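Okay, so here's the structure we're looking at.
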Amino acid sequence: MLEYPDLYGDLIKQNIVVDESKIYHTTIYPDVAKRFSNKNVVSNLKNGEELEIKMMSEGCFHSNSITFQITKLDNKLKVSRNNISKTLNRKEELYITNLENNVRLQKKRSDCTSYECMIFIKNGRNDTISDSGCEFSTYGKFFKFLARNGL
């Protein structure tokens, strides 16, 4: 039994069956949450609702920001940025939802010189998540996701 703590404070237990004497490979995912936050905004969007997300990342040698919108129409998520929009498929919707979930569940740290801030704006209300730990690069993951989708 392999046991290790994830980045959210949960203890992960993984069974590894060793049938014979040889090299076994296993993968540990400490940055993937096994539980779901009840505060997730993206997964709770109702049809016709829009969410704006502002992200900032600052460090010794960088300062970046992006803003994009997520709208739910006909039970599908549409991401918009710079007057370009794309309807997401189910796999992309899960990626965005899981990324928000991981950000919400992470322990707040301050042991890194980089600072990330994520602001969720819906119906005139703001919800801000910030982190100064080095375990995640949420800005980088969202930026790559938007770039892969032509946004």
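Since every read-out is calculated from the coordinates, none of them should be taken as a lab result. The structure displayed is predicted, hence computed values, not measured ones. Counting neighbours? That spans all protein chains shown, and the Cβs are built from the backbone with ideal geometry, glycine included.
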Nitroxide proxy distance, nm - points 7 Å out along Cα→Cβ at Ser130 and Asn98: 2.9
In nm, spacing of pseudo-spin labels at Gln14 and Glu52 (7 Å Cα→C-beta vector): 4.1
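When a/c is below 1.5 the answer is rounded, else prolate if a/b is larger than b/c, else oblate, so apply that to the range 42-148 with a ≥ b ≥ c taken from the square roots of the Cα gyration tensor eigenvalues. Display every interim value, and only then the final one.
Numbers: a/c = 1.88, a/b = 1.72, b/c = 1.09.
Prolate, because a/c is 1.5 or more and a/b exceeds b/c.
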Two-site FRET efficiency, Ala147 against His25, from Cβ-Cβ distance with R₀ of 41 Å, rounded to 0.05: 0.85
